[in-house]
1. Against the definition (within 16 Å of ligand 2 (Cβ to nearest atom) and either touching a Ser or Thr at 6+ places or on another chain (Cβ under 8 Å) or free of Cβ contacts under 8 Å to residues at least 12 places away in the same chain (or both)), how does Ala125 come out, yes or no?
2. Of the residues that make up the range 229-246, is at least one of a type in the set (Val, Ile, Thr), within 16 Å of ligand 2 (Cβ to nearest atom) and closer than 22 Å to Ala106 by Cα?
3. When you go through Asn73, Asn101 one by one, which is the residue that is touching a Cys at 6+ places or on another chain (Cβ under 6 Å), within 14 Å of ligand 1 (Cβ to nearest atom) and within 19 Å of Leu140 (Cα to Cα)?
4. Please go through the range 133-189 and give me each residue that is more than 20 Å from the chain's Cα centre (by Cα), on the phi > 0 side of the Ramachandran plot and within 16 Å of ligand 2 (Cβ to nearest atom), ordered by number.
5. Can you spot a residue in the range 236-243 that is farther than 21 Å from Ala174 by Cα, touching a residue at least 12 places away in the same chain (Cβ under 8 Å) and among the small types (Gly, Ala, Ser)?
6. Report yes if some residue within the range 166-184 is surrounded by 23 or more Cβ atoms within 10 Å (Cβ to Cβ), within 13 Å of ligand 1 (Cβ to nearest atom), modelled with pLDDT of 95 or more and closer than 25 Å to Val274 by Cβ; otherwise report no.
Amino acid sequence: MPFQPVKYYQTGTFTVGNRLLPPETRSVQANMRRTNSLNSGHRACQGCGEALGARYAIDAAMEATNRQLVAANATGCLEVFSTPYPETSWQIPWIHSLFGNTAAVATGIAAAMKAKGKPDTRVIAQGGDGGTTDIGFGCLSGMFERNDDVLYICYDNEAYMNTGVQRSSATPPAARTATTTTGNAFGQGKNVPVIAMAHGIPYVATATIAELHDLEAKVRRAMQFRGARYLHVFVSCPLGWGHASDQSVRMARLAKETGIFPVFEAEHGEVVSVSKIRKRLPVEEYLKPQRRFAHLFSPHKNLEAIARIQEMADRNIKRYRLTDA
Ligand SMILES: Cc1ncc(C[n+]2csc(CCOP(=O)(O)OP(=O)(O)O)c2C)c(N)n1
Ligand code: SF4
């Protein structure tokens, strides 16, 4: 048999977790000491981006805090699929708050840790976009304004998925949901990373499940700060977006490569780094595989709506300097 070099599974992708790779290119999942904070046995849909994002984010936070971590979780898919009573997939101290008060509950936990003389126990709050950009927004803004020592992670799948895909203030224009055929109106919606930056908090970042090393690095960076921090993670949802379950990572990558979702870091209100687009693509590449946008292509192509979405992506590219051009 002729000589064939061994080809490792996943080599060359941006989601490598393989422990046969050189140490510097491995993710935390390839580490024998990984915590598996969100363990097997949960009931997320196949290909759930939120499960993937949470697993990497919380494992990275566990590593960064020497396993001294407590998490508060808003109501939503992540909470529901991980803790159907009386079971749990969480391997960390974890509390289910109400839908809208996660930031306040996390603030209370951080204060309690301080009062108990355990300032090294760090606190994370996490929730979906509905729990973050809508119902929990007041508590979140208060947490920012008081600069409470909490890292808040929003897993943004752009709708209220757990209750059947209703529109949230993070739903993009033209996306079909169970309650709307047009998503948010063009020019409306809420850009929470930018609003978080306007609070002047120490650290704000965005990430996607297509670049897990980047997500882990941002969690680690966030844990180097004290005070309020915000991480907005773009997570695909095969059920709500209507794409194949093996396409979740690709959808997230396309969102970044088209400029639809800008990936950046900001410290004290100023952008300090951006993830450049590797190969710029038209937004159609991202829209077409998703059934929530199918009405833009059939029975007639809605050129105007597609052009407006392209304009939004182009604005992001210009605003965050996502290409070198
Ligand atoms: C006060 C309140 N209103 C409504 C609900 C019902 N509810 C539970 S989960 C959910 C949707 C969660 O959506 P999101 O925060 O976007 O998270 P996802 O499920 O998409 O991850 C809703 C509306 C609730 N539990 N509490
Ligand atoms: S509905 Fe979406 S967010 Fe919820 S578990 Fe399924 S894939 Fe994940």
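1. Details: within 16 Å of ligand 2 (Cβ to nearest atom): no; either touching a Ser or Thr at 6+ places or on another chain (Cβ under 8 Å) or free of Cβ contacts under 8 Å to residues at least 12 places away in the same chain (or both): yes.
Judged against the criteria, Ala125 is not a match.
2. yes
3. Answer to the check: Asn101.
4. Result: no residue meets the conditions.
5. no
6. yes
Listed here are the residues, each with its yes/no results for (1) of a type outside the set (A, V, I, L, M, F, W, C); (2) under 19 Å from Val263 (Cα atoms).
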site	(1), (2)
Gly136	yes, no
Cys154	no, yes
Arg167	yes, no
Thr177	yes, no
Pro193	yes, yes
Lys218	yes, yes
Gln224	yes, no
Gly227	yes, no
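A quick yes/no check of all residues on (1) of a type in the set (D, E, K, R); (2) at pLDDT below 95:
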{"site": "Met197", "(1), (2)": "no, no"}
{"site": "Ala205", "(1), (2)": "no, no"}
{"site": "Leu212", "(1), (2)": "no, yes"}
{"site": "Glu216", "(1), (2)": "yes, yes"}
{"site": "Gly227", "(1), (2)": "no, no"}
{"site": "Gly242", "(1), (2)": "no, no"}
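The values are calculated or read from the model by the stated rules, or taken from the named source; none is laboratory data. A quick note: this is a predicted structure, and the numbers were derived from the prediction, not measured. Glycine gets a Cβ as well: all are built from the backbone with ideal geometry, and neighbour counts include every protein chain shown.
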